[in-house]
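Chemist: Here's a structure for you.
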Amino acid sequence: MTRLDLTLSAVLELLGEGKLIGDPEFVCRSLAMLEKAGPEELSFVRDRRHLASAQGSHAGALLVFEALDGVAGHQIVVERPELAFARLLGVVARRQREQPPGIHPTAVVHGDAELGADVRIGPGAVVRSGARIGDRSVLYANVYVGERCRLGADCVLYPNVVLMEDVEAGDRVVVQPGAVIGCEGYGYIQQGARQHKVPQIGRIVLGDDVEIGALATIDRAMIDRTEIGRGTKVGDLVHVAHNCRIGEDVLLLPTVAVSGSVTIGDRAVLAGRAGTAGHLTVGEDAVLAGTAVAFKDVPPGAQMWGNPAKEKGLEMRIQALLRRLPELFREVRELRAKLDD
Amino acid sequence: MTRLDLTLSAVLELLGEGKLIGDPEFVCRSLAMLEKAGPEELSFVRDRRHLASAQGSHAGALLVFEALDGVAGHQIVVERPELAFARLLGVVARRQREQPPGIHPTAVVHGDAELGADVRIGPGAVVRSGARIGDRSVLYANVYVGERCRLGADCVLYPNVVLMEDVEAGDRVVVQPGAVIGCEGYGYIQQGARQHKVPQIGRIVLGDDVEIGALATIDRAMIDRTEIGRGTKVGDLVHVAHNCRIGEDVLLLPTVAVSGSVTIGDRAVLAGRAGTAGHLTVGEDAVLAGTAVAFKDVPPGAQMWGNPAKEKGLEMRIQALLRRLPELFREVRELRAKLDD
Amino acid sequence: MTRLDLTLSAVLELLGEGKLIGDPEFVCRSLAMLEKAGPEELSFVRDRRHLASAQGSHAGALLVFEALDGVAGHQIVVERPELAFARLLGVVARRQREQPPGIHPTAVVHGDAELGADVRIGPGAVVRSGARIGDRSVLYANVYVGERCRLGADCVLYPNVVLMEDVEAGDRVVVQPGAVIGCEGYGYIQQGARQHKVPQIGRIVLGDDVEIGALATIDRAMIDRTEIGRGTKVGDLVHVAHNCRIGEDVLLLPTVAVSGSVTIGDRAVLAGRAGTAGHLTVGEDAVLAGTAVAFKDVPPGAQMWGNPAKEKGLEMRIQALLRRLPELFREVRELRAKLDD
């Protein structure tokens, strides 16, 4: 694993917060989980529940939620250790997959594309006419950025990502490898037995801090836009159909499928392989549990389980009773026998 | 959005049908939905149900199913306005993602590959030995066309599409970005605890007017062929396993999965995330509703819901009764109490 | 289809086993299934159940499990004809998609990457700094191999495969087109309404003889490793989340999804579209049937059906009884009426 190699004082400076208990010159070689961390490694203690692990840990240094007794390593007290740790993970992540500066000679960037400062473009990447890429954004190898796409600053498009034309992305948007954004939605008109294609020419709009998982597909609408709001996180192999409006800070976990013209409210969560039928609304803060599928509107804040999705309590009762279904049939048979007696 | 910029007389000529009520020199700047269309835009009125919207619309021009009263804009009367509109969408679509003519210097086309007239090949695309590409077909950037593939005329392979060797496609076949056609089917033979790979060397045959969605996978069979019939439309992230025979004008919506050696009849519809077990037949005109999964043959024309798939009426009754299962258990408890009394 | 063109004596030599009954100079032009094989083709007879087909076959030669009477063609008696046939399929497969030797001039291989003997690298492929590729491994067009990846000997990465940094693969690992290995797992920390990304910097380890299907995603863990054991076969469009430990000789069929931090024991089978919630264990030799989803640990050897997954017998009874649910409700209504009478 790529090393961290930072002194505790450098860590403090990078975090911009924290109180050091220990030696500022101590060098953290790398990052590790509490149970496995060695004397040259930095780990973190999320909260009181991990106190025993912390006291048993061999970590050289710890990000802690408060000054801890009985802990061997140096300590940095921070507001939320797991967030501070995530920032250090980011330092290592950038380093371990850092792309060389500049534009690789095998990249094909159209003459009228506009590139911001310190944009990095890998081998074989293609940027088409009229595209604009913001400062410090990174396009890995074999990425395709279509005509008139607009990416903000500090975006990362991992290898083989495809942005078809007219995709607009805010700042700090991250797209994992192979995701396809702006392919055509599934639109056909039947005439007799035959299906006629309805070309899809709408736009895609991704807000700031959106992340799209590997091999996800976000479809272009016929004419309107498909929209994914600020801060929303889309997992691997997720499908968002044409004409959807996904709110802000929404979580679409891996393998979720959202059908066409669906609106999802802010902060809603669709857990793994959850899904929806088309033309419905999932309210703000609603949760669809893993593999739950909504065929009707989901009210704000609702917790839905099952397929078709039902209110969590009801679905749990049904599932519990299903296991007793054989018993119920037997009981009814007995009642009948007794009654006929 | 890319503009249309056509006069109504040019629109008429392009459609090859229609009766104009209004000014042939009126210029339609772009296409829009009825509710949002402005005075320079062209929209459409599908049928009588949209009459009120049409009369309230600010659209400069409308494709209409019959001459309409009380409508502000110019009108073109056509047989099916939504089909005519789709054709105009196609004009814009081609323009907004048009590929430059010729073969990009970074494409790698084998010396013995045969290219038809006006074939366009984007940067980094690879065409292997013995491949044949029909007239006017377009390969976007980083497409891979394997050995001896044969594509008809007017095909479009969007960026990063992979056709492994011996894939045969008819005319007007469209493959959305990143789809993989001709990867090896999931074939292994167990020997002791170990699994031995069965290499898959069959062919893939796609009929005319087939469309394959983004990041779909169509697997190669061991020795026979996997076949997708004329006019069939396959959605994003669909999986078609080895040795399947998919009929004509079939709709496989996004995230559908069809297991190995399945036959699907003409005009069948598998809605979102529907699926089948292997070695079965789905009859002509049958419908599997969203998330329905067939574990047995589906008769022609059947409407199946649920997992395992059941006849629609039965599944609907079961789902309705499931919500009353707590009540049923209570009722049986009461009956028992009364009887034991 | 690509031809075999081997004499029976060459076939014998290649298999390293078998007893020939017939002419060693007979040339097998190609491979075929029993029912369709012609007089110049080689097929196989798996066991006694296919005897009638064998006797009716026009195959020029047959791999057989024992010397057969009443069969027209030449015979080679081998231990397991289907395994011998699979080896011959491999000969054809290698030939029909063979990559030219050497490194294509448009590939971008970092100066400090280490390539073994006879490594083949296709157009547009990228090998980053510190990567090591074992002898005879083949990278097809537009493959991406990240920093410090280590591939063993005889690996095949089909077109557009992405290995992000620090992926370690054993010998004979095969990755079908477009699969993404080492993308970041779905890790976020909530702070207020917002989600903060947790960068994922762990490693991926794939054992010998692992095969990964087309467009599958194998996610990198935050800090630990995601591991797929020797001989495990992963299907198309499968998702393996961060921090999973998948055992040896496991079968994950196409479209399976394994959530984060799951452990799967050796020889377990997850059939098509089966899945698991996170942080659980599927025991050795356990089976999750097609579309079954485990929300709790699955004991070793268990056969689980349904969603949520239940012991097979229970789920079968429940499904059978569900079809009789309307009848049960009617019966209870009648009992009530009789009792109230």
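The values are calculated or read from the model by the stated rules, or taken from the named source; none is laboratory data. This structure is a prediction, so every number in the text was calculated from the model and none was measured. No Cβ is skipped: glycine too gets one built from the backbone with ideal geometry, and neighbour counts run over all protein chains shown.
Chemist: Can you name the residue in region A:2-39 that is among the basic types (K, R), in contact with a strand residue (DSSP E or B) (Cβ under 7 Å, 6 or more places away or on another chain) and over 13 Å from A:I76 (Cα atoms) and, of all such residues, is modelled with the highest pLDDT?
Modeler: A:R29
Chemist: Here are some residues: A:G260, A:G301. Which one is away from chain B (no Cβ under 14 Å) and farther than 19 Å from C:R273 by Cβ?
Modeler: On inspection, the qualifying residue turns out to be A:G301.
Chemist: On to the next question. For A:G170, are the conditions met, namely being at pLDDT below 95 and either farther than 21 Å from B:G247 by Cα or of a type outside the set (S, T, Y) (or both)?
Modeler: For A:G170, the condition - at pLDDT below 95 and either farther than 21 Å from B:G247 by Cα or of a type outside the set (S, T, Y) (or both) - is not met.
Chemist: (1) surrounded by 19 or more Cβ atoms within 10 Å (Cβ to Cβ); (2) touching a helix residue (DSSP H, G or I) at 6+ places or on another chain (Cβ under 9 Å); (3) more than 11 Å from chain B (Cβ to nearest Cβ); (4) free of Cβ contacts under 8 Å to residues at least 60 places away in the same chain: which one isn't true of C:V78, the others all being true?
Modeler: (4)
Chemist: Being over 27 Å from the mean Cα position of the chain (by Cα) and either closer than 14 Å to A:V138 by Cβ or within 14 Å of chain B (Cβ to nearest Cβ) (or both) is the filter here; which residues of region A:104-116 pass it?
Modeler: Within region A:104-116, A:H104, A:P105, A:T106, A:A107, A:V108, A:V109, A:H110, A:G111, A:D112, A:A113 qualify.
Chemist: A further question on this structure: Go through region A:94-125 and count every residue that is within 13 Å of A:Y158 (Cα to Cα) and at pLDDT 95 or above.
Modeler: Going through region A:94-125 one residue at a time, the tally reaches 6.
Chemist: Moving on. Considering every residue within region B:168-179, establish whether at least one is within 17 Å of the chain's Cα centre (by Cα) and within 9 Å of chain C (Cβ to nearest Cβ).
Modeler: For region B:168-179, residues within 17 Å of the chain's Cα centre (by Cα) and within 9 Å of chain C (Cβ to nearest Cβ): present.
Chemist: Go through the residues of region B:319-340 one by one and say whether even a single one is more than 9 Å from chain A (Cβ to nearest Cβ), part of a loop (DSSP other than H, G, I, E, B), of a type outside the set (F, W, Y) and in contact with a helix residue (DSSP H, G or I) (Cβ under 8 Å, 6 or more places away or on another chain).
Modeler: Looking through region B:319-340, at least one residue is more than 9 Å from chain A (Cβ to nearest Cβ), part of a loop (DSSP other than H, G, I, E, B), of a type outside the set (F, W, Y) and in contact with a helix residue (DSSP H, G or I) (Cβ under 8 Å, 6 or more places away or on another chain).
Chemist: If you go through region B:220-250 one residue at a time, how many are facing another protein chain (nearest Cβ under 7 Å) and part of a strand (DSSP E or B)?
Modeler: 2
Chemist: Right, another one. Name the pairs whose Cβ atoms lie under 6 Å apart, with the first residue in region C:17-29 and under 17 Å from C:L4 (Cα atoms), the second of a type in the set (V, I, T), and 6 or more positions between them or separate chains?
Modeler: Going by the 6 Å Cβ cut-off, the qualifying pairs are C:E25/C:T7; C:V27/C:T7.
Chemist: For region C:10-23, indicate whether the set of residues that are surrounded by fewer than 17 Cβ atoms within 10 Å (Cβ to Cβ), under 24 Å from the mean Cα position of the chain (by Cα) and within 14 Å of chain B (Cβ to nearest Cβ) is non-empty.
Modeler: no
Chemist: Does B:R230 satisfy being under 15 Å from the mean Cα position of the chain (by Cα) and surrounded by fewer than 24 Cβ atoms within 10 Å (Cβ to Cβ)?
Modeler: So B:R230 passes the test.
Chemist: Working only within region C:285-309, note down all residues that are surrounded by fewer than 20 Cβ atoms within 10 Å (Cβ to Cβ) and in a strand (DSSP E or B).
Modeler: Scanning region C:285-309 gives a single hit, C:Q303.
Chemist: So which pairs qualify, if the first residue must be in region B:92-116 and touching a residue at least 12 places away in the same chain (Cβ under 8 Å), the second must be among the small types (G, A, S) and outside any loop (DSSP other than H, G, I, E, B), the Cβ gap must be under 9 Å, and the two must be at least 6 apart or on different chains?
Modeler: B:V92/B:S30
Chemist: Are any residues in region B:41-88 of a type outside the set (A, V, I, L, M, F, W, C), more than 19 Å from A:Q190 (Cα to Cα) and in contact with a strand residue (DSSP E or B) (Cβ under 7 Å, 6 or more places away or on another chain), and if so, which ones?
Modeler: Result: B:E41, B:S43, B:S57, B:G60, B:E66, B:G73, B:H74, B:Q75.
Chemist: Within region C:45-66, how many residues are more than 30 Å from the chain's Cα centre (by Cα) and within 20 Å of C:E13 (Cβ to Cβ)?
Modeler: Total satisfying the criteria: 1.
Chemist: Write out, first by first residue and then by second, each pair whose Cβ atoms fall under 7 Å of each other, whose residues are 6+ apart or on separate chains, and whose first residue, in region C:127-139, is at positive phi while the second is basic (K, R).
Modeler: C:G130/C:R148
Chemist: So C:A268 ticks every box in (1) farther than 22 Å from B:V240 by Cβ; (2) crowded, with 22+ Cβ neighbours inside 10 Å; (3) within 12 Å of chain A (Cβ to nearest Cβ) but one. Which box is left unticked?
Modeler: (3)
Chemist: Restricting the search to region C:191-237, which residues are of a type in the set (D, E) and out of contact with any Ser or Thr (no Cβ under 7 Å at 6 or more places or on another chain)?
Modeler: C:D208, C:D209, C:E211, C:D224, C:E227
Chemist: Across region B:310-341, which residue is farthest from B:G260 (Cα to Cα) among those that are aliphatic (A, V, I, L, M), over 33 Å from the mean Cα position of the chain (by Cα) and surrounded by 13 or more Cβ atoms within 10 Å (Cβ to Cβ)?
Modeler: Once the filter is applied, the top-ranked residue is B:L339.
Chemist: Here is a follow-up. Filter region C:223-242 for residues that are at pLDDT below 95 and either within 22 Å of C:L288 (Cα to Cα) or hydrophobic (A, V, I, L, M, F, W, C) (or both) and give the result.
Modeler: Matches in region C:223-242: C:I223 only.
Chemist: From (1) more than 10 Å from chain C (Cβ to nearest Cβ); (2) under 27 Å from the mean Cα position of the chain (by Cα); (3) surrounded by fewer than 20 Cβ atoms within 10 Å (Cβ to Cβ), pick out the condition that doesn't hold for A:P100.
Modeler: (1)
Chemist: Which residue, of A:A125, A:A131, is crowded, with 23+ Cβ neighbours inside 10 Å and touching a Cys at 6+ places or on another chain (Cβ under 9 Å)?
Modeler: A:A131
Chemist: Still on this structure: Would you please name the residue that is farthest from the other protein chains (Cβ to nearest Cβ), looking only at residues in region C:187-219 that are surrounded by fewer than 24 Cβ atoms within 10 Å (Cβ to Cβ) and of a type in the set (A, V, I, L, M, F, W, C)?
Modeler: Out of the qualifying residues, it is C:V205.
Chemist: Which one of B:L83, B:L68, B:L88 is modelled with pLDDT of 95 or more and either charged (D, E, K, R) or crowded, with 20+ Cβ neighbours inside 10 Å (or both)?
Modeler: B:L88
Chemist: Of everything in region A:149-166 that's farther than 21 Å from C:T217 by Cβ and either crowded, with 20+ Cβ neighbours inside 10 Å or free of Cβ contacts under 8 Å to residues at least 24 places away in the same chain (or both), which residue is nearest to the other protein chains (Cβ to nearest Cβ)?
Modeler: A:E165
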